[in-house]
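Notes to accompany the following structure.
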Amino acid sequence: MAFIYDTHIHTSAGSRCGHVPPEEVVRRFKKRGYTGIFITDHFFNNPSTTVPFKEIPWEDAVEQYCLPYETAKKEGEKVGLQVFFGFENSYQGNDILTYGLDKEWLKAHPEIMQMPIRQYCEFARSEGGLVVHAHPFREAGYIDLIRLMPRSVDAVEVLNAGCSDFQNARAAEYAANYDLAVTGGSDYHAGKSFLCATSSEVPFASVGDFCDAVRRREVTPIVTYDRRDEKILCD
Ligand SMILES: [Zn+2]
Ligand SMILES: [Zn+2]
């Protein structure tokens, strides 16, 4: 039996481009038979975020940022869906997903806002985080350059529902060429776009289990839905 996790999800409470509130996100993924989801709203260095981190103390901003995840987690406990935490940083069109570092870690490290992309990746990894390059070959108006950092990430998101088959295929090729681990996620923002996920033979008891499984190459990116039926509304 396979356990299905969507590793890349935005909510309307945490991402300006998200259209679905956290509780509803949980109910929708539960209904479709997922084992769990990762709430990965845009972090402060993406203008899409809803949190005005410069106007309030850092720790309060982090609290606010984590609220949609916490709301989703509570709903998940009610309906029986695992909900884990992650965050997505953006660097001029290059998006980085981090797993395994939590709210307390974020509160302790406001300096990450000043770090350029590669320095951030290396720091987060040295702190135990799993650093994943999201949709590295996506082509869109907000992306100036396709930039790769094969020595600075743990894994590559090789299935992303906001990318074309061609772009996902290039990401898979890149991961294979550099022997990098792989993940898959919907980049869920709206509607029924439950399209890509990460499958595991065993369920994860914690986000740490997920990180270990990715590092050990024990997960499989999968397509969960016919993408021709749906359109992803934003990045
Ligand atoms: Zn995203
Ligand atoms: Zn977005």
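Give me Rg over Rh for the chain, both radii from the alpha carbons and Rh done the Kirkwood way, two decimal places. Walk me through the intermediate numbers first.
Values: Rg = 16.0 Å, Rh = 17.4 Å.
With Rh from the inverse mean 1/r over Cα pairs, Rg/Rh is 0.92.
The number of Lys pairs in the chain with C-alpha atoms less than 21 Å apart, excluding pairs fewer than 8 positions apart on the same chain, is 17. A Förster radius of 22 Å, combined with the Cβ-Cβ distance separating Asp144 from Lys107, puts the computed FRET efficiency at roughly 0.10.
For the residues Tyr34, Tyr91, Tyr120, a GNM of the chain with alpha-carbon springs under 10 Å puts the largest fluctuation on Tyr91.
Please report the net charge: other residues with Cβ closer than 15 Å to the Cβ of Asp179, K and R +1, D and E -1. Charge balance near Asp179 sits at +2.
Counting other Cβ atoms within 10 Å as a rough exposure proxy, the listed residues Leu81, Leu130, Leu180, Leu148 run Leu148, Leu180, Leu81, Leu130 from fewest neighbours to most. With the dipole of the chain worked out from charges on the C-beta (+1 for Lys and Arg, -1 for Asp and Glu) around the Cα centre, which of Val79, Ala108, Gly129 lies farthest toward the positive end? Final value for the positive-end residue is Val79.
The Cα center of the range 59-83 and the Cα center of the range 126-192 differ in position by 25 Å.
Structure remark: mean-square fluctuation, Gaussian network model of the chain, C-alpha springs under 10 Å; the largest value among Phe210, Phe87, Phe166 belongs to Phe166.
Comparing Ala155, Ala134, Ala176 in a Gaussian network model of the chain, where Cα atoms under 10 Å apart are tied by springs, the biggest mean-square fluctuation is seen for Ala176.
Around Ala134, what is the net charge, scoring Lys/Arg as +1 and Asp/Glu as -1 over all other residues with Cβ under 9 Å from its Cβ? Kindly include the intermediate steps, with their values, before the conclusion.
On the way: positive: Arg138; negative: Glu88, Asp95, Glu157, Asp187.
In short, -3.
The helix-only estimate of mean residue ellipticity at 222 nm for the chain, built from DSSP H runs of length n ≥ 4 each weighted as -39500 (n - 2.57), is -9000 deg cm²/dmol after division by the residue total. Between Lys74 and Ala176, the contour length at 0.36 nm per residue exceeds the Cα-Cα span by 33.0 nm. Per-residue extension of 0.36 nm, minus the Cα-Cα distance of Arg151 and Tyr91, leaves a gain of 19.9 nm for this segment. Across the alpha-carbon set of the range 129-189, the Rg to Rh ratio works out to 0.93, Rh being the Kirkwood radius.
Counting only other residues whose beta carbon sits under 12 Å from that of Tyr91, what net charge do I get with K and R as +1, D and E as -1? Could you put the intermediate results ahead of the total?
Details: positive: Arg118, Arg147; negative: Glu88, Asp95, Asp144.
With Lys, Arg at +1 and Asp, Glu at -1, the net is -1.
Subtracting the Cα-Cα distance of Thr220 and Arg16 from their residue separation scaled by 0.36 nm leaves 70.5 nm.
Just so you know, all these numbers are worked out from the coordinates, no wet-lab data involved. Every value quoted in this text rests on a predicted model; they were computed, and no experiment measured them. Glycine also receives a Cβ, built like all others from the backbone with ideal geometry; neighbour counts cover every protein chain displayed.
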